Amino acid sequence: MGKLTLDRILQSQGFGTRKACGVLIGAGEVSIAGQTITDSSAAIETNGLVFKIFDEAWLYRSRVYIALNKPANFECSRKASHHPGVLTILPEQFTRREVQPVGRLDHDTTGLLLMSDDGPFIHMQSSPKRHIQKVYVATTHEPVTPALVGRLLAGVKLHDETEPLAAKTCRMLDTHQLEIVLEQGKYHQVKRMLAAAGNHCVALRRVQIGGLKLDLLGLAEGEWCYLDEAQLAQLTTADG
Ligand code: URA
């Protein structure tokens, strides 16, 4: 990106309008490499830039790519209505720089949720044409049977879909738990497929997207991390 003025840098990172950032800078709240900078128009190299604001260090990122271990009772929609939105879990800078969830998890679904402010990335990651696999662990009300697994693999007809939808793979994990891998991302897909196959989903957790496994990120529920290049590359591989 090269050099930008300090007020524009802070604005781009979600610290407020350019004017508000100028006020923060003027008030001596911003430092770089231990030196307070009070000139908003100072041209600063953004590549690898670490700045401190209110004594907290931030690495300049032209775009952010985030993995959240989503807890239950948070909504993915931008205008959350019945539950708080997932963005309330992240620092408020991310809302200001228009970070949004990549696709949706239901309010009661937990697990791996990607978030970003990179429009083309969000579009690419959500495109049905890319067939990106998503792995879910579903807990069921009735016992999991080989017949249930067979029906999910063969495909079930959902009432507003023209074609039956099938799991890419599906296997029993426990008496009341199965792993199901989907390539599509239809509304309530796992829950509706389980209902159509004669069972009922009582809990749902997304554990993997492409080859990126939630377990390996070491995030407790409600925790998030930035994704690096290697982790982003795993999103488009099948099994990491
Ligand atoms: N399928 C569902 O039913 N719900 C989700 O949140 C994700 C996939």
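In segment 203-227, the qualifying residues are those that are more than 12 Å from the ligand (Cβ to nearest atom) and of a type in the set (A, V, I, L, M), and the one that is surrounded by the fewest Cβ atoms within 10 Å (Cβ to Cβ) is A220.
Kindly establish whether Q208 is modelled with pLDDT of 95 or more and in contact with a Phe, Trp or Tyr (Cβ under 9 Å, 6 or more places away or on another chain). Here the answer is yes, as Q208 does meet what is asked.
Can you find even one residue in segment 142-149 that is at pLDDT 95 or above, within 16 Å of the ligand (Cβ to nearest atom), over 22 Å from K70 (Cα atoms) and not assigned by TED's automatic domain parsing to the domain that holds C76? Yes, there is a match, as at least one residue in segment 142-149 is at pLDDT 95 or above, within 16 Å of the ligand (Cβ to nearest atom), over 22 Å from K70 (Cα atoms) and not assigned by TED's automatic domain parsing to the domain that holds C76. Of the residues making up segment 122-134, one or more are within 16 Å of the ligand (Cβ to nearest atom), closer than 21 Å to V202 by Cα and modelled with pLDDT of 95 or more.
Rundown of residues vs (1) assigned to a strand (DSSP E or B); (2) aliphatic (A, V, I, L, M); (3) in contact with a strand residue (DSSP E or B) (Cβ under 8 Å, 6 or more places away or on another chain), yes/no style:
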{"site": "I66", "(1), (2), (3)": "yes, yes, yes"}
{"site": "S77", "(1), (2), (3)": "no, no, yes"}
{"site": "L87", "(1), (2), (3)": "no, yes, yes"}
{"site": "L105", "(1), (2), (3)": "no, yes, yes"}
{"site": "F121", "(1), (2), (3)": "no, no, yes"}
{"site": "M124", "(1), (2), (3)": "no, yes, no"}
{"site": "V135", "(1), (2), (3)": "yes, yes, yes"}
{"site": "V149", "(1), (2), (3)": "no, yes, yes"}
{"site": "D160", "(1), (2), (3)": "no, no, no"}
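Taken as a whole, the structure leaves E98 outside the set of residues that are closer than 25 Å to L194 by Cα, out of contact with any Phe, Trp or Tyr (no Cβ under 9 Å at 6 or more places or on another chain), among the charged types (D, E, K, R) and without any contact (Cβ under 8 Å) to a residue 60 or more places away in the chain. Within segment 162-182, restricting attention to residues that are at pLDDT 95 or above and assigned to a loop (DSSP other than H, G, I, E, B), the residue that is farthest from the ligand (Cβ to nearest atom) is T175. Taking first residues from segment 169-191 that are closer than 11 Å to Y136 by Cβ and partners that are of a type in the set (S, T, N, Q) and near the ligand (Cβ under 8 Å from one of its atoms), the Cβ contacts under 9 Å between residues at least 6 apart in sequence or on separate chains come to L182/Q189; V190/T109; K191/T109. Criterion applied to K157, K168 was being of a type in the set (D, E, K, R), in contact with a helix residue (DSSP H, G or I) (Cβ under 8 Å, 6 or more places away or on another chain) and open to solvent by 60 Å² or more (accessible area, probe 1.4 Å), and the one residue passing it is K157.
The values are calculated or read from the model by the stated rules, or taken from the named source; none is laboratory data. Since this is a predicted model, take the numbers as computed values, not measurements. So basically every Cβ, Gly included, is an ideal-geometry build from the backbone, and we count neighbours across all protein chains shown. Ligands, DNA and RNA are excluded from the accessible area calculation, which covers all protein heavy atoms including side chains. Shrake-Rupley method; radii C 1.70, N 1.55, O 1.52, S 1.80 Å.
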